[in-house]
Every structure is written in structure tokens, then in C-alpha cells.
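The block underneath contains the structure these notes are about, expressed in C-alpha cells.
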Amino acid sequence: MTRSYPPVSIFGVPTDVGAGHRGTRMGPEALRIAGLAEALRARGVDVVDRGNVEGPANPWQPPVEGYRHLEQVVAWNRAVRERSLAELREGRMPVMMGGDHCLAIGSIAAVADHCREQGRELRILWLDAHSDFNTSSVTPSGNIHGMPVACLCGLGPDALTGIGDHVPAISPSQVKQIGIRSVDAEEKRLVKEYGLDIYDMRYIDEMGMKRTMQQALEGLHDGVHLHVSFDVDMLDPAIAPGTGTPVPGGLNYREAQLVMEMIADTGRMASLDIVEVSPPLDDCNTTAELAVDMVESLFGKSTLMRD
């Protein structure tokens, strides 16, 4: 089956300001070198590369009151929200090339505002090894790339929870998390308290990836905007070594392909983050190339023509 996609705008966000390791600032260029735009064009997608958004340098300072580089994280996320919202209002699909996962605060705040403007429902698939639901009171590190889901749900400093036009930007019920296998001790309590819908690796092992994805994608219809936030550390580090927070026991290649293919089958994906590619930790750009392979599947690549 041939599926049409809206025109796509890719843009880079070259920063590691929210992370605990330097390197994801080089992620956008690694994805370009791996041929992201060319791969999508080969699938018949109208793609424009908008270049990179700009923001402050990483000062590489310790946390202050539980948040590391808060001022810089806010600046980058405001820039991401502005760029994402502009593309959405032009009828284009924003594809953000990170950068670390703190940037999802800006990209998802933009999508949430756009959905309110359009009267559409929002569903978020958070593909990650981590639940990213920390706050300043429970974080062991202060790194804000471990906090974006909490901030989007209204838990965090006003400067981050108020990035968009509405606080909270989203509710926990709008998020489905897949591939989780690393949750900090106190973060587990918050996840339980707020009822996050998490399909962790034990659940995937017990139920299988097909059933997991069927449940995560249940209820999608024409009025739903599906946002996919793809952190490459969802993948097992044996196949995706180039990331700053690798956790053993992640998705293997075939499991990850099934995730992407089943998302593509819905025809509902309308915005995308690709984050946490860290070239200094990679092996000959393997992780960026694998990420591009996965994104091709999100845009309909499959072995056979399927209905």
C-alpha cells in the first residue's frame, strides 16, 4: 500500500545542555550524514531541511536547586517550540533532530498548543529506556533530560512547565511509554502516583511486542495527532552504542522495526523527535544510521506491500 505523508520539515537542535555527558550536540549532523533527508525523499516524502535552531552554549556547571543549566534549557526549548509550531501551522510535519531529550519539552508543548488550536486529540509515544519523570526533589543528577515528561505534566519550574500556552501542557493519560528499563528510586513513586502508562521491558518480554503495540496504539482515529518521541537509547546498546545513557536489555533490531512499522500502519504520526544520538560514543556513525533506518520504517518502509 502506498501511503501519502504531509510535507516534512527537519531541523537540528545541536545541544547537550540537558544531559550529563557531552556529545548529543553533534547528533543533528550525524543524522544528516546518515542520510535522513535523502532516505525520506526516496520514499516520496517532500522534505525540507530548515537547518539548526540556535541557543546558548553548554556552560557545564553543577546543578542549582536541583536543576542543571535551567536558563539554557529554557532558551533552547523556547526556540524548539517556536520552530515546531511554525511548521505545524504551515501544514508541515516537524521532525526534530536532537540534541538531548530535554528538548521534547519544547516540541511537545508546540504540538499540544497546535492540537488545542485545531480541536484535535494528542497521543504521545515515548520510546525510551527511561521514564524521564524526575523532579528537582527526586533527581539524583539534576540533568533535565531526565525530567521532560514531568515538566510537560506540570511538575517542574514555571519556566519549563510554562513553555507552551497551557499549564500543564499535557496530562499523563496522553503518554504511552515503551521500552522502559531504568527508573530512579524516587521516580518510581511519582510514576505510580501519576499513573503513567508504561510498557517496560518485563511487560514486553511477557506479552510480546505485537500485543504491547496494539495496546499502546489502541483508540487512534482520524482526530488524533500522534507524536513520536524516539530516544535511541530505547534500543539495546549492542546495536546502538552511540548514546550517553545506555541501558542493557533494550529492544533488538527486529523488535524495534516492529514498533516503527506498527506506528506507520496507523497513518496517524504527525510529528517526530529523534534524540540522544551522541557521535563521540558511537562506532562509525552506526547509531545515527540505525536511527535513520528506523525512521524510514516510521514512514512506511516494509518488506512487503501491506493493507
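The values are calculated or read from the model by the stated rules, or taken from the named source; none is laboratory data. The structure presented is a predicted model; accordingly, all values stated were derived computationally and were not measured. Positions of Cβ are backbone-derived with ideal geometry, glycine not excepted, and every protein chain shown enters the neighbour counts. Accessible surface areas use protein heavy atoms only, side chains included; no ligands, DNA or RNA. Shrake-Rupley method; radii C 1.70, N 1.55, O 1.52, S 1.80 Å.
Data overview
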item	result
Share, in percent, of DSSP beta bridges within segment 1-142 that are antiparallel, nearest 5	10 percent
Glu65-Asp283 pseudo-label distance in nm [points 7 Å out on the Cα-to-Cβ vector]	4.5 nm
Within-13-Å neighbourhood charge of Gln72 [Cβ basis; K, R +1; D, E -1]	-1
Neighbourhood charge, 11 Å Cβ-Cβ cut-off, centred on Gly98 and excluding it, Lys, Arg +1 and Asp, Glu -1	-4
Euclidean distance of C-alpha centroids, segment 59-107 and segment 41-58, integer Å	14 Å
Helical contribution to [θ] at 222 nm, DSSP H n ≥ 4, -39,500 (n - 2.57), averaged over the chain, rounded to 500	-10500 deg cm²/dmol
GNM top mover of Ala169, Ala34, Ala42 - the chain, alpha-carbon springs below 10 Å	Ala42
Counted charge near Asp205, where neighbours are those whose Cβ lies closer than 15 Å (Asp, Glu -1; Lys, Arg +1)	+1
Candidates per GluC sites (Glu not before Pro) in segment 140-234, loop by DSSP, up to 15 other Cβ within 10 Å	Glu218
Computed over the chain: relative contact order in percent, which uses C-alpha pairs under 8 Å that are six or more apart	23 percent
Reachable lysines from Lys188, criterion Cα separation under 19 angstrom, eight or more residues apart if same chain	Lys176
Relative contact order (%) - segment 230-307, alpha-carbon pairs under 8 angstrom, separation at least six	40 percent
By accessible area with a 1.4 Å probe, ligands and nucleic acids excluded, highest first: order of Glu38, Glu255	Glu38, Glu255
